[in-house]
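Below is one structure, written out as structure tokens, with a few remarks after it.
The values are calculated or read from the model by the stated rules, or taken from the named source; none is laboratory data. Because the structure is a prediction, the values reported are computed rather than measured. Every residue, glycine among them, receives a Cβ derived from its backbone with ideal geometry; neighbour counts consider all protein chains shown. In case anyone asks, the SASA skips ligands and DNA or RNA and just uses the protein heavy atoms, side chains included. Shrake-Rupley method; radii C 1.70, N 1.55, O 1.52, S 1.80 Å.
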Amino acid sequence: MLKNLVTELIGMVLATTPVASQSTGSADAGLIDDLVAANRILADQGVLDGFGHVSVRHDKDPSCFLLARSMAPALVTAADIMEFDLDGNPTDARGRTAYLERFIHSEIYKAHPKVQAVVHSHSPAVIPFGVVGVALRPVFHLGGFLGTGVPVFEIRDTGGEATDMLVRNRELGAALAKTLGAAPVALMRGHGDVVVGQSVAEAVFRAIYTEVNARLESEALQLGQGQVVFLNEAEARQAAETNSAQVGRPWELWKAKALAGGC
Ligand SMILES: [Zn+2]
């Protein structure tokens with residue numbers, strides 16, 4: 001009798017549980033918090049300003065990812081985080097507007113299954129390296145991850161001579177993802193860069209140190225009149241390995257600073 005009652009109650013609960021708008025279920029709250037923190041950190045560190053965005057692959061469904069609605073990253077809260085499929089379609093829009101360049105994220109997640117987080121920015125110090133044919137290379141140990149080479153995406157190859165420079169469709173996103181290949185960073189000529197990682201913290205670390213390395217490399221090239229001793233391949237690889245185990249330390253500092261006094 002009691003057993004029947006319990007079974008009946010469970011059945012009633014299940015019948016009244018609302019069906020999610022997608023098959024994945026809700027993303028982990030901690031992951032959403034990390035993504036909100038990443039938005040604030042990258043704005044605080046000068047990598048993102050009113051533009052640019054950061055995303056993370058869904059923890060329960062690798063064919064989905066999370067990205068804020070179209071807004072300034074410094075103002076992002078958990079309520080602004082939307083979910084997208086790998087064609088860049090929102091699965092839970094609820095009236096919110098998506099970023100025009102969400103195809104950067106969707107096509108990179110589609111083409112590169114190991115990538116867990118993506119940052120797209122107009123990181124100012126990297127812009128010169130996309131337009132003058134000077135390679136972005138590791139000038140100090142924290143830029144070691146750049147040692148595998150940094151490709152440059154030329155939008156004209158896919159979009160022709162008259163785009164607005166934005167990666168605003170799947171075709172352009174796929175071309176960018178192809179240019180990126182297995183590299184952690186690709187520059188986008190006349191626009192910015194895209195940085196990937198195996199966690200939100202790693203992508204944030206790389207995005208920040210791509211900006212710092214670019215600034216230092218420009219200074220070193222000027223100071224040394226073009227003569228710069230870069231990290232060699234082994235140094236870059238070893239430094240990158242060491243640093244990838246240390247991303248939690250600066251992450252906590254950047255997060256505390258970015259969220260101080262925030263909501
Ligand atoms: Zn952009």
Got at least one residue in the range 150-159 being in contact with a His (Cβ under 7 Å, 6 or more places away or on another chain), over 27 Å from T242 (Cα atoms), within 12 Å of the ligand (Cβ to nearest atom) and not β-branched (V, I, T)? no
I'd like the full set of residues that are of a type outside the set (D, E, K, R) and either modelled with pLDDT under 95 or away from the ligand (no atom under 16 Å from the Cβ) (or both), limited to the range 52-73. V56, H58, P62, S63, C64, F65, L66
Tally time: how many residues in the range 103-128 are touching a strand residue (DSSP E or B) at 6+ places or on another chain (Cβ under 6 Å) and not small (G, A, S)? 11
Members of the range 99-111 that are within 16 Å of the ligand (Cβ to nearest atom), among the hydrophobic types (A, V, I, L, M, F, W, C) and open to solvent by 20 Å² or more (accessible area, probe 1.4 Å): L100, F103
Of all residues in the range 198-248, which are of a type in the set (A, V, I, L, M, F, W, C), within 20 Å of A125 (Cα to Cα), open to solvent by less than 80 Å² (accessible area, probe 1.4 Å) and not in a loop (DSSP other than H, G, I, E, B)? A203, V204, F205, A207, I208, V212, A214, L216, A220, L221
Answer yes or no: is there a residue in the range 80-91 that is within 16 Å of the ligand (Cβ to nearest atom), under 19 Å from R168 (Cα atoms) and surrounded by 16 or more Cβ atoms within 10 Å (Cβ to Cβ). yes
Need pairs with beta-carbon distance below 6 Å; first residue at negative phi and open to solvent by less than 10 Å² (accessible area, probe 1.4 Å) and within the range 112-134, second in a strand (DSSP E or B) and among the small types (G, A, S); sequence gap 6+ or separate chains. A117/G197; V118/S55; S121/G192; S123/G192
Restricting the search to the range 36-51, which residues are of a type outside the set (K, R) and away from the ligand (no atom under 16 Å from the Cβ)? V36, A37, A38, I41, D44, Q45
From the set of residues in the range 161-176 that are open to solvent by 30 Å² or more (accessible area, probe 1.4 Å) and in a loop (DSSP other than H, G, I, E, B), which is farthest from Y99 (Cα to Cα)? E161
Anything in the range 99-125 that is in contact with a Phe, Trp or Tyr (Cβ under 7 Å, 6 or more places away or on another chain), closer than 17 Å to L35 by Cα and in a loop (DSSP other than H, G, I, E, B)? List them, or say none. V115
Long-range neighbours under 6 Å by Cβ, at least six apart or interchain, first residue free of Cβ contacts under 8 Å to residues at least 60 places away in the same chain and over 10 Å from P73 (Cα atoms) within the range 31-48, second open to solvent by 20 Å² or more (accessible area, probe 1.4 Å) and among the small types (G, A, S): I32/A78
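Per-residue answers, yes or no, for (1) under 21 Å from K114 (Cα atoms); (2) more than 16 Å from the ligand (Cβ to nearest atom); (3) without any contact (Cβ under 8 Å) to a residue 24 or more places away in the chain:
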residue: G197; (1), (2), (3): yes, yes, no
residue: A201; (1), (2), (3): yes, yes, no
residue: V204; (1), (2), (3): yes, yes, no
residue: E211; (1), (2), (3): no, no, no
residue: E233; (1), (2), (3): no, yes, no
